[in-house]
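Bear in mind that the values in this text are calculations on the coordinates, not laboratory data. Just so it is clear, the structure is predicted and the values come from calculations on it, not from any experiment. Cβ placement follows ideal geometry from the backbone for every residue including glycine, while neighbour counts extend to all protein chains displayed.
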Amino acid sequence: MDLSTEYLGLNLKNPLIASASPLSRDVASVRAMEDAGIAAVVTYSLFQEQIEHENAEHQHFQEHSTESFAEALSYFPAQRDYRRGPDEHLDHLAAVKKAVDIPVIASINGTTTGGWIDYAGKIEQAGADALELNIYSIVTDPTQDAATVEGSYLEVVRAVKQAVKLPVAVKLTPSFTALAYFAQQLGDAGANGLVLFNRFYQPDIDLEVLEIMPDVVFSAPHEMRLPLRWIAILDPLVKTDLAAGTGIYTSFDVLKLLMAGADVTQLCATLLRNGCGAIDQILAGMVEWMTDHEYDGLKQLRGSMNQKACPDPAAFERGQYMKALNEYTPSS
Ligand SMILES: Cc1cc2nc3c(=O)[nH]c(=O)nc-3n(C[C@H](O)[C@H](O)[C@H](O)COP(=O)(O)O)c2cc1C
């Protein structure tokens with residue numbers, strides 16, 4: 001069965017990518033994922049704040065300044081709490097790249113333009129095959145409107161594209177008012193791919209100590225329906241490659257997302273929960289289903305269920321919503 005696909009100009013043997021996660025902290029875990037059949041890996045993110053913090057610290061010691069660091073920096077982990085500083089991160093990336101044959105996509109995570117973007121160039125020099133740019137920002141400033149926020153995203157994408165020759169994918173959160181328009185703008189700004197979607201980490205409150213708990217809660221399987229919808233809508237509209245992410249656990253999830261129009265699917269929670277065995281299970285399940293349903297390869301099914309044939313996707317979505325509510329019968 002031909003499971004090969006292309007993403008960001010990379011030829012991949014199948015559509016399963018390990019998304020950015022702690023599994024890429026160790027070379028051995030990346031090798032284990034490669035041995036289990038993963039087609040590419042995204043390494044965990046290097047953060048804008050981490051780079052800026054290091055630069056600020058450097059400057060502080062150089063100038064013996066008595067001024068305290070910007071207050072905002074105190075919200076972030078201290079440098080010593082990161083497993084690796086920015087330069088060690090690059091060394092690790094180079095080590096991962098050397099250890100495996102599959103493509104390695106590096107991840108940087110930032111929200112605004114600035115000197116930190118130079119690191120995109122350093123990531124390229126470290127040997128990454130592509131770059132994933134995670135723009136994760138919760139906009140809390142009531143004076144910033146959507147156009148300003150989206151404009152700043154586009155600026156970051158343009159700046160990163162100027163810094164590297166590598167293909168760049170943008171990992172997006174799902175909270176955009178006019179995603180179809182914005183997705184096209186990102187393509188025009190130079191994004192080669194979109195990763196739909198990143199997942200917001202929802203904080204909780206610890207009632208005993210009255211503190212915010214920034215813990216990670218894994219996605220639930222039904223969450224793949226959000227990328228499923230948006231990939232089906234965007235696939236006919238955008239030129240950029242599409243990677244599906246969030247809530248992907250089974251071969252059926254992967255098949256549905258490919259039919260919606262994804263070029264690849266990114267796995268995180270299932271790998272953290274179920275280990276590398278999940279990779280083989282998904283691949284075997286895909287081959288079995290495709291054989292039973294007489295598909296020769298992935299290219300035959302990719303995009304077959306997108307909204308290309310739908311003359312009015314917005315009306316379709318609203319109609320589906322009304323039908324679902326109407327047809328629901330409460331169990332007595
Ligand atoms: C523990 C943990 C660490 C993560 N680290 C990163 C990261 O460094 N960069 C990034 O872009 N996404 C990171 N993610 C997000 C995942 O790559 C993925 O987008 C998200 O978990 C949704 O996919 P899933 O439903 O398969 O878990 C992390 C997720 C988890 C659970």
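Note on S4 and M213: the model spin-label points, each 7 Å out from Cα along the C-beta direction, lie 4.9 nm apart.
Converting phi to 3J(HN,Hα) with the Karplus coefficients 6.51, -1.76 and 1.60 and the offset θ = phi - 60°, the range 318-329 yields 5, x, 4, 5, 5, 4, 4, 5, 5, 8, 6, 10 Hz in sequence order, with x at every glycine or proline. For the chain, adding -39500 (n - 2.57) for each run of n ≥ 4 DSSP H residues and dividing by the number of residues yields -12500 deg cm²/dmol at 222 nm. Using only alpha carbon pairs under 8 Å that are at least six residues apart, calculate the relative contact order of the chain and give it in whole percent. Reported as a whole number, the value is 18 percent.
Too long at a 27 Å Cα-Cα cut-off: which of K171/K308; K122/K256; K13/K97; K171/K299; K98/K239?
Going by Cα-Cα distance, K122/K256; K98/K239 fall outside the 27 Å limit.
Legend: ranking of residues C268, C276, C310 from fewest to most surrounding C-beta atoms inside 10 Å; resulting order C310, C276, C268. Oblate is the label for the range 271-320. Its Cα gyration tensor axes, ordered a ≥ b ≥ c, give a/c of at least 1.5 and b/c at or above a/b.
For the chain, a Gaussian network of Cα nodes joined below 10 Å ranks H53, H92, H293 by mean-square fluctuation, and the top entry is H293.
With the convex hull drawn over the C-alpha atoms of the chain, the volume per residue is 185 Å³. Output the antiparallel fraction of DSSP beta bridges having both residues in the chain, as a percent to the nearest 5. For the chain, the DSSP antiparallel bridge percentage is about 15.
Cβ-Cβ distance of A32 and A94, R₀ of 22 Å, FRET efficiency by 1/(1 + (r/R0)^6): the value works out to about 0.70. Scanning residues 5 or more positions from L194 or on other chains, those with amide H under 5 Å from its amide H are V170, D241, L242, A243, with H placed 1.01 Å from N in the peptide plane.
Neighbour counts of other Cβ atoms within 10 Å put I102, I205, I248 in the fewest-to-most order I205, I102, I248.
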